[in-house]
Amino acid sequence: MLNYFNQLTNRELIFLIIGFGGQAIFASRFIIQWIYSEKLGRSAIPVIFWYLSIVGGGSLLIYAIFRKDPVIILGQIFGILIYSRNLILIYKESKNE
């Protein structure tokens, strides 16, 4: 494994860090949602969940573009649109209240 990292260029290493960082942020949203739900005593999704989804998904999109992976690119673009739409709906609802 160490040999793999030694063979990477600086550019490849930077994008690998972006990819791993994006994955970590994306995965952290589930931990945040779990803690939030436990605190409320019911299943719920906090607003931060959607922000973490966008930041994590955006980082993964950058990594996917670097890797030229159309499957991940399409999946992340679609996801980011849905996460953004959820935030729009949340803020639209709070504005009406």
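The values are calculated or read from the model by the stated rules, or taken from the named source; none is laboratory data. Predicted model, so just to flag it, every value in this text is computed and none were measured. Because the Cβ atoms are built from the backbone with ideal geometry, glycine has one as well, and the counts that use them run over all protein chains shown.
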(message) So in the range 44-67, with the set limited to residues that are under 18 Å from Leu87 (Cα atoms) and of a type outside the set (A, V, I, L, M, F, W, C), which one is farthest from the chain's Cα centre (by Cα)?
(response) Pro46
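Say we look at the range 1-50 and pick out the residues that are of a type in the set (Val, Ile, Thr) and in contact (Cβ under 8 Å) with a residue 40 or more places away in the chain; which of these is surrounded by the most Cβ atoms within 10 Å (Cβ to Cβ)?
Within the range 1-50, the match that is surrounded by the most Cβ atoms within 10 Å (Cβ to Cβ) is Ile18.
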(request) Under 6 Å between Cβ atoms, at least 6 apart or on separate chains: pull out the pairs that start in the range 51-70 with a residue that is at pLDDT below 95 and end on any residue that is part of a helix (DSSP H, G or I). (result) none
